[in-house]
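First comes the structure, then the notes that go with it.
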Amino acid sequence: MKRYKPLFITAAVLFTVILIIPALLVVPFGEKASEESMESVQPPKKETESASAKKKQNATAVKVAVYRTETKEIEKLPLEEYLVGVVAAEMPAEFEEEALKAQALAARTYIVKHLTSGSSNLPGEANVTDTVQDQVYHNRKELKKLWKGNYEEKIQKIEEAVAETTGEILTYKGDPIEATFFSTSNGYTDNSEEYWPNSIPYLKSVESPWDKKSPKFTAKKVISVDQFERSLGVTLGDGEQIGKIISTTPGKRVEKVKFDNKTLTGKDVRTKLELASTDFSFERHGNEITINTKGNGHGIGMSQYGANGMAEEGKDYQDIVHHYYQDVSISSYDQELNSLMAKK
C-alpha cells in the first residue's frame, strides 16, 4: 500500500489542477461580460452630465440687456441672473417658496418669448426696460440697499426659487405663452380680451379667493368733482348719480360705464383716474368723489397674492401656474436657447 501512495497523491493534484484552471480562465471574462451587460442597461452618465453642463453654459451665454431708466445705461447680464433681479423686484421675498417659483417661471417665460421675438424699440442693444413696461428689475447692489440686514436671507430664497425652475417655461401648443401677472385680484381674474384687444385661449377668467388676504384687496381714492370731470371729459349734474355701469366682465369688473354725454370703458376710467383696478364704484359727497376699488392690477393671468395664498394651502408651483394659465404645459426652453445661441 505504501508504494502506491505517491502515485495516488500525484493523481489527486493533477485532477484538482484540471478543475481549477478553466475556472480561473472563465472568471475574468465572466466579470467583463457582466460589466458590459450593466453598461448596456445603465444610462450614459457622462453624456447626461455633458448635456446638463451644456444647458447651463447656454443659459449663461444668453445675455439680457436691460435699459436702466434712471441712469439711462444698459446693463447686460446672464438670463438666469436677470431673473433673480426680476423675481426679487416683482414679488415680496417673504412670500412662500412655491409662489416665488411660480413667479420665476412666469418671468422666465416672458423674457424668453421676448428675446426670441427680437422686437425692441429701446436705445442701443437693450432688450427690456427695468419697469412695468416689461418686468421690474433690481440688481444686487440695489437689493442690498433695499433689504439691508435681511439681504443674505432674502437673496438666497430668491436664488433657490429661480434655480429650482431652471430650464422651464410655460408653453401653449409648443410656443412660449404671454405669461402676464399682476398683484391682486378682486376675487377673479379676467379674460384677456376684457383688457387687451386679443382673445388668448389660456388667459381666461378663474376664481381667485385667496386675494382677500392681500393688503391691496381694497383701496379708496378721493378727488374733486372738477378733477373727475376734466380727467374723464364728462359733465356731472348736481345729483348724486355719477355715471351708470351698463356692463361688467366675466371677472366682475366694469366693462362700460355711461355718463350723460359719453360712454367709457372700465379700462379708460382706470387709466385716466389712475385707479388700482377696473372693479370700481363712485360715491359723491358735496364737491368730492370717493372711488372704491377692489383688486390691484389689470387682472389678467396670475395673481401674485393669489399664488401665495395657494402656496400657503400646500399647492406647488405647478398647481399655481396651471390654475391661472389654462391648458398650458411646463416645457424645457432648450429650443429657444439654441435659437438665441444661433443668432449670436
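The values are calculated or read from the model by the stated rules, or taken from the named source; none is laboratory data. The structure presented is a predicted model; accordingly, all values stated were derived computationally and were not measured. Positions of Cβ are backbone-derived with ideal geometry, glycine not excepted, and every protein chain shown enters the neighbour counts.
Listed here are the residues, each with its yes/no results for (1) acidic (Asp, Glu); (2) under 19 Å from residue 105 (Cβ atoms); (3) in the same structural domain as residue 89 (by TED's automatic domain parsing).
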| position | (1), (2), (3) |
| --- | --- |
| 141 | no, no, yes |
| 161 | no, yes, yes |
| 176 | no, yes, yes |
| 191 | no, no, yes |
| 224 | no, no, no |
| 229 | yes, no, no |
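If you check every pair at least six apart or on different chains, which have Cβ atoms under 8 Å apart with a residue in the range 183-209 that is of a type in the set (S, T, N, Q) first and a residue that is modelled with pLDDT under 95 and outside any helix (DSSP H, G or I) second?
192/198
Please state which one of 129, 165 is of a type in the set (Ser, Thr, Tyr), in the same structural domain as residue 79 (by TED's automatic domain parsing) and under 24 Å from residue 98 (Cα atoms).
Numbers: 129 fails: under 24 Å from residue 98 (Cα atoms).
Step by step, each of 129, 165 is checked, and only 165 is of a type in the set (Ser, Thr, Tyr), in the same structural domain as residue 79 (by TED's automatic domain parsing) and under 24 Å from residue 98 (Cα atoms).
Among the strands (runs of 3 or more DSSP E) lying completely within the range 254-344, list those that include at least 2 residues that are in contact with a Lys or Arg (Cβ under 7 Å, 6 or more places away or on another chain), among the hydroxyl-bearing types (Ser, Thr, Tyr) and assigned by TED's automatic domain parsing to the domain that holds residue 234. Break it down into steps so the answer makes sense when it comes.
Working: elements: 254-258, 263-265, 280-285, 288-294, 329-332.
Those strands (runs of 3 or more DSSP E) span 263-265.
Select from the range 154-205 the residues that are surrounded by fewer than 19 Cβ atoms within 10 Å (Cβ to Cβ) and of a type in the set (Val, Ile, Thr) and write down the one among them that is farthest from residue 334 (Cα to Cα).
155
Identify all residues within the range 104-151 that are part of a strand (DSSP E or B) and either among the aliphatic types (A, V, I, L, M) or at pLDDT below 95 (or both); write none if there are none. So that I can check it myself, show each step before the final result.
Residues of the range 104-151 that are part of a strand (DSSP E or B), as a first pass: 128-129.
Residue satisfying the conditions is 128 alone.
If we scan the range 241-248, do we find a residue that is assigned to a strand (DSSP E or B) and among the small types (Gly, Ala, Ser)? Can you show your working first?
Taking the range 241-248 first, the residues assigned to a strand (DSSP E or B) are 244-248.
Then keep just the ones that are among the small types (Gly, Ala, Ser); that gives 247.
Scanning the range 241-248, I find at least one residue that is assigned to a strand (DSSP E or B) and among the small types (Gly, Ala, Ser), so the answer is yes.
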